[in-house]
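Worksheet: the structure to be examined is printed underneath.
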Amino acid sequence: MAQIFHHSTNTFARITIFGAVFILAFLGWAFDTLNRSAYSTRATQPREQPVPFSHAHHVGAIGIDCRYCHTTVETSGFANIPPTKTCMNCHSQIWLTSPTLEPVRASFRTGESIRWTRVNDLPDFVYFNHSIHVNKGVGCESCHGRVDQMPLTWQENSLQMEWCLNCHRNPEKYVRPREFITKMGYQPDGDQDTIGRQLVKEYGIQDARTLTSCSICHR
Amino acid sequence: MRTNFLFGAVVLVLASGVACRQDMHDQPKYIPLRPTDFFADGRSERQLIDGTVARGHLNDDAVYFDGKTADGKAVEQFPFPVTKDVILRGQTRYNVYCAPCHDRLGEGNGMVVRRGYRHPPSYHIGRLRQAADGYIFDVITNGFGAMPDYAAQIPVRDRWTIVAYVRALQLSHNASVNDVPADARGQLDHPTPVPGGEK
């Protein structure tokens, strides 16, 4: 019986087997990249809100401190979304007739909540606590980015575990003195490594072994 | 053998499809501010019934919680000793909650006022310099004129620290060089940066 394939097709078969390694590697790489991409994590995508609240205006232009609205961030695990009353502190006199702010006024009149869209949403099996981070010198900006430059709020980082661990493994690279916690565009006054190591000691930040233990974040 | 392998592959693919469910991400529990269908207003966080007193929070010390004496007059004296720490704490709280309108010096030219809010009086007028500590506390707690109340945003002790800082601001505007301790006068031309002062 005659051969169906010519002898030279052996080369073709060898290349294909060799190439499969690359194809598999490419698939692995593609999956990994997609998983970390903003498409998958929704990082840097502004969210639609019932009122187009601009942090860029309130924080950047007016200079209101984060804690004016997010009052519980230093004392509670949950950084509160301000009640409508906080908006009305100023908007009872400013932008009084703006149609954009009608949902705020309606909420104040009726007592019904404004249904804001959550921007930074961790999985329910992560027990993140704001107060411990804020009190140990992790600035708002370190996780939330330059909120003072966000016309509509977006999630700045991937919020993936890998990203959390970056800091839990090396907190000295990210911590800042407590008095600059809410400062946007903070620059360390000197060498971050030196300042960071000093703060880690001063604030009693635990070692990487403890900070990367599963039960630190998962209960 | 071959069918076993194929079967295994199919099960794997199906299993990875199952893993895409988000049950662990979105558990049927109420985290803060998560809405609910159970209550008509959609809030899983219930508001306290009027008159509820949490254990240990009767808050019947009128001097501390209202800034008033038993006969309803504003207290003249601070309910706790004013230390440097109290004033520094008051400074950070003042800069967060008060400075947007009253500005960092207490003259009432804050950014919100510049954008159209009614101009508050300067702290440095005679009436406010002579006002009792309890009066300032009461204004923070219940509001006054155009100013809304800050009872929900600022805890009681922090309100007192703000009173202390407002007093310090008033003092600073009516002081002479002689009020500065002799050994600290050299710093007047080279002020040390205050924590949280620049932003």
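A helix-only calculation puts chain B at -11000 deg cm²/dmol for mean residue ellipticity at 222 nm, using -39500 (n - 2.57) for each DSSP H run of at least four residues, averaged over all residues. In this label model, B:Leu6 and A:Ser76 are separated by 5.9 nm, measuring between points 7 Å along each Cα→Cβ vector. Once a ≥ b ≥ c are taken as the square roots of the eigenvalues of the Cα gyration tensor of the stretch B:74-176, is the result rounded (a/c under 1.5), prolate (a/b larger than b/c) or oblate (a/b not larger than b/c)? Rounded shape, in that the Cα axes give a/c under 1.5. According to the Cα-based calculation, Rg over Rh for the protein assembly as shown is 1.10, with Rh computed by the Kirkwood formula.
With every protein chain left in place, what is the accessible area per residue of the stretch B:74-176 in square angstrom, probe 1.4 Å?
47 Å²
Counting charges near A:Phe108 (Lys, Arg +1; Asp, Glu -1) among other residues having Cβ under 11 Å from its Cβ returns a value of +1.
In order along the stretch B:29-45, phi translates into HN-Hα couplings of 9, 9, 8, x, 6, 6, x, 9, 8, 5, 9, 4, 7, x, 9, 7, 8 Hz, rounded to whole numbers, per the Karplus curve 6.51 cos²θ - 1.76 cosθ + 1.60 with θ = phi - 60° and x for Gly and Pro.
Counting each DSSP H run of 4 or more residues in chain A as -39500 (n - 2.57), what helix-only mean residue ellipticity at 222 nm follows after dividing by all residues, to the nearest 500 deg cm²/dmol? Please report the intermediate quantities before stating the final value.
Values: 11 runs with 92 residues, N = 219.
Per the formula, -11500 deg cm²/dmol.
The alpha carbon centroids of the stretch A:168-188 and the stretch B:63-89 are separated by 34 Å. Straightening the chain between A:Glu112 and A:Gln3 buys 31.1 nm, computed as 0.36 nm per residue apart minus the Cα-Cα spacing.
Under 5 Å from the amide H of A:Arg47 lie the amide H atoms of A:Thr153, each residue being 5 or more positions distant or on a separate chain, with H modelled from the backbone and absent for Pro and chain starts.
Work out which GluC sites (Glu not before Pro) in chain A are exposed loop sites (DSSP not H, G, I, E or B, at most 14 other Cβ within 10 Å) and give the longest gap free of them.
That would be A:113-219.
A simple spin-label model places pseudo-atoms 7 Å from Cα toward Cβ; at A:Phe12 and A:Glu48 they are separated by 5.2 nm.
Loop-only check: which trypsin sites (Lys or Arg not before Pro) in the stretch A:1-66 are DSSP coil with at most 16 other Cβ within 10 angstrom?
Of the trypsin sites (Lys or Arg not before Pro), the ones in loops of the stretch A:1-66 whose Cβ has at most 16 other Cβ atoms within 10 Å are A:Arg42, A:Arg47.
Scalar couplings 3J(HN,Hα) for the stretch A:157-162, obtained by applying the Karplus form with A = 6.51, B = -1.76, C = 1.60 to θ = phi - 60°, are 10, 5, 6, 7, 4, 4 Hz; x denotes Gly and Pro.
With a Förster radius of 56 Å, plug the Cβ-Cβ distance of A:Ala208 and B:Ala151 into 1/(1 + (r/R0)^6) and report the FRET value to the nearest 0.05.
Calculated transfer efficiency: 0.85.
So if I take the centroid of the Cα atoms in the stretch B:101-140 and the same for the stretch B:169-187, what is the distance between those two points in Å? One Cα centre to the other: 22 Å. Computed from backbone phi with θ = phi - 60° and the Karplus coefficients 6.51, -1.76 and 1.60, the 3J(HN,Hα) list for the stretch B:105-120 is 9, x, 8, x, 10, x, 4, 5, 5, 5, 8, x, 6, 4, 6, x Hz; x is used for glycine and proline. Taking only protein heavy atoms and a 1.4 Å probe, the accessible area of the protein assembly as shown is 60% carbon and sulfur. Rg/Rh for the stretch A:178-219 stands at 1.08; both radii use Cα atoms, and Rh follows the Kirkwood definition. The distance from the alpha carbon centre of the stretch A:14-50 to that of the stretch A:92-143 is 32 Å, rounded to a whole number. Dividing the mean sequence gap of close Cα pairs (under 8 Å, 6+ apart) by how many residues the stretch B:79-199 holds gives a relative contact order of 28 percent. Computed on chain A, with alpha-carbon pairs under 8 angstrom and 6+ residues apart, the relative contact order is 24 percent.
Here the label points at A:Phe31 and A:Gln93, each 7 Å from Cα along the C-beta direction, are separated by 6.1 nm in the simple model. Think of a 1.4 Å ball rolled over the protein heavy atoms: chain A then has 63 Å² of accessible area per residue. Taking one quarter of the surface of the C-alpha convex hull of chain B gives a mean projected area of 23.1 nm². Legend: residues in the stretch B:23-55 shielded by at least 40 square angstrom of accessible surface upon adding the remaining protein chains to the isolated chain (1.4 Å probe, heavy atoms) are B:His25, B:Lys29, B:Pro32, B:Leu33, B:Arg43.
Per the accessible-area calculation with a 1.4 Å probe, the total area buried between chain A and chain B rounds to 2900 Å².
Entry note, the stretch A:126-212: relative contact order of 36 percent, from Cα contacts under 8 Å with a spacing of 6+ residues.
The values are calculated or read from the model by the stated rules, or taken from the named source; none is laboratory data. Since we're looking at a predicted model, the values are computed, not measured. Every residue, glycine as well, gets a Cβ built from its backbone with ideal geometry; the counts of neighbours run over all protein chains shown. These area figures cover heavy atoms from the full protein model, side chains too; ligands, DNA and RNA do not enter into them. Shrake-Rupley method; radii C 1.70, N 1.55, O 1.52, S 1.80 Å.
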